[in-house]
1. Counting just the residues of the range 63-79 that are surrounded by 12 or more Cβ atoms within 10 Å (Cβ to Cβ) and hydrophobic (A, V, I, L, M, F, W, C), which one comes out nearest to residue 25 (Cα to Cα)?
2. Residues of the range 97-120 being of a type in the set (A, V, I, L, M, F, W, C) and either under 13 Å from the mean Cα position of the chain (by Cα) or closer than 18 Å to residue 41 by Cβ (or both), which ones?
3. Determine if the range 87-96 includes at least one residue that is at pLDDT 85 or above, over 17 Å from residue 42 (Cβ atoms), out of contact with any strand residue (DSSP E or B) (no Cβ under 6 Å at 6 or more places or on another chain) and not aromatic (Phe, Trp, Tyr).
Amino acid sequence: MKRLSTLSAICLALLVTATSYAEEEKGFKPLFNGKNLNGWVQNGGKAEYNIVDGTIVGTSVPKTPNSFLCTKKMYDDFELQVDFKVDPLLNSGIQIRSNVYDEDKVLETKDADGKEKKIKIPAGRV
């Protein structure tokens with residue numbers, strides 16, 4: 001299983017703002033340069049990611065799998081500072097230390113009621 005840095009896996013319609021605060025504070029390095037998506041890779045679905053006024057704007061595509069915008073670089077010890085805005089009707093969030101599946105996987109798990117079930121995770125998903 002190939003590991004990609006998914007410090008900041010961003011699902012669907014997520015807004016991440018690059019703040020000058022992170023750039024000014026000693027020892028902090030911004031993950032996003034405010035200009036383009038250099039250093040980032042999309043995994044999973046077909047969401048569109050654009051830069052609007054120095055902000056990453058993700059727009060979901062109906063009836064497609066979740067999309068994940070991930071940093072290419074791996075990070076060890078970190079503090080994440082982020083401004084985050086999302087449509088409350090969407091499934092969105094930030095994943096930390098996640099993996100990207102290179103091939104389809106079937107996982108065995110239990111649902112909330114304890115019933116065993118299998119979940120298929122397609123290649124390219126986080």
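The values are calculated or read from the model by the stated rules, or taken from the named source; none is laboratory data. None of the values given here were measured: they were computed from a predicted structure. Here Cβ is always computed from backbone atoms with ideal geometry, including for glycine, and neighbour counts include all displayed protein chains.
1. Looking at residues that are surrounded by 12 or more Cβ atoms within 10 Å (Cβ to Cβ) and hydrophobic (A, V, I, L, M, F, W, C), I get 70.
2. The one that is of a type in the set (A, V, I, L, M, F, W, C) and either under 13 Å from the mean Cα position of the chain (by Cα) or closer than 18 Å to residue 41 by Cβ (or both): 100.
3. Yes: the range 87-96 contains one or more residues that are at pLDDT 85 or above, over 17 Å from residue 42 (Cβ atoms), out of contact with any strand residue (DSSP E or B) (no Cβ under 6 Å at 6 or more places or on another chain) and not aromatic (Phe, Trp, Tyr).
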